[in-house]
Amino acid sequence: MINDSLEAPDFMKLIRQEKNARMRLKLLALLHFHEGKSRYQISDYLKVSRTSVNKWVSSYLSQGLEGLKDKKHSGRPAALTEEQLKQLSIFIKHRTSSCDKDKLHGSEIQNYILDNFGVSYEISNIYRIIERLGYAD
C-alpha cells in the first residue's frame, strides 16, 4: 500500500508523544524530509547514515507510519549438530577438491546449510563455521 495521501501526519505531535528514541529519530528524519531537506542533509543533521535515512523514507513512502516500526528479529539460529557439521565438512572438502574452477563462496555454504539443515545463518557466521572446521586461510 503506497502512502499517496496529500496530508502529511503531524510529525511534531508524533515526536512529542513517542517514547522510543529510535522511533523519534525516524519521525524527525521524516519531518525534515517533508520540509524539503535532502536525504544527505538529514543524515548529516541527525548524525545517522544516509542508508538509514533512505531506508526510513522508503519504508514510510511505501508503507506509511507502519513501515517505520522495528521488525521482530527471529533470534539466534539453532547450532548445527556434530553430524551436520561433519556433513558440511564433507561438502566443503568435496567442493574445494573437485576440478571446479570456481572458488567456493560463503554464500554457497550459507545456501547449503539452509537447504540441507533448514538453518539460516548470517554470512559472518558462515565464515566462523568455516574457521571452526579448519578451512580458513
Charge tally in the Cβ shell below 14 Å around F33, where Lys, Arg are +1 and Asp, Glu are -1, F33 excluded: +3
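Local charge sum around Y60 (other residues, Cβ-Cβ under 10 Å, Lys/Arg +1, Asp/Glu -1)?
+1
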Relative contact order [Cα under 8 Å, 6+ residues apart], segment 20-137, whole percent: 15
Summed side-chain charge close to I15 - residues other than I15 whose Cβ falls under 15 Å, Lys, Arg +1, Asp, Glu -1: +3
Using alpha carbons only: equivalent-ellipsoid semi-axes of the chain, gyration tensor based, whole Å: 45, 16, 14
Carbon and sulfur %, accessible surface of the chain computed with the full protein complex present, 1.4 Å: 51
Separation in nanometres of the label points that stand 7 Å from Cα toward Cβ, at R132 and A21: 3.3
Percent RCO, i.e. relative contact order, over segment 4-62, from Cα pairs under 8 Å lying at least 6 residues apart: 29
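The values are calculated or read from the model by the stated rules, or taken from the named source; none is laboratory data. Note that the structure is predicted; figures quoted are calculated from it, not measured. Neighbour counts are summed over all protein chains in view; Cβ atoms, including those assigned to glycine, are modelled from backbone coordinates with ideal geometry. Remember, those area values only see protein heavy atoms, side chains included, never the ligands or the DNA or RNA. Shrake-Rupley method; radii C 1.70, N 1.55, O 1.52, S 1.80 Å.
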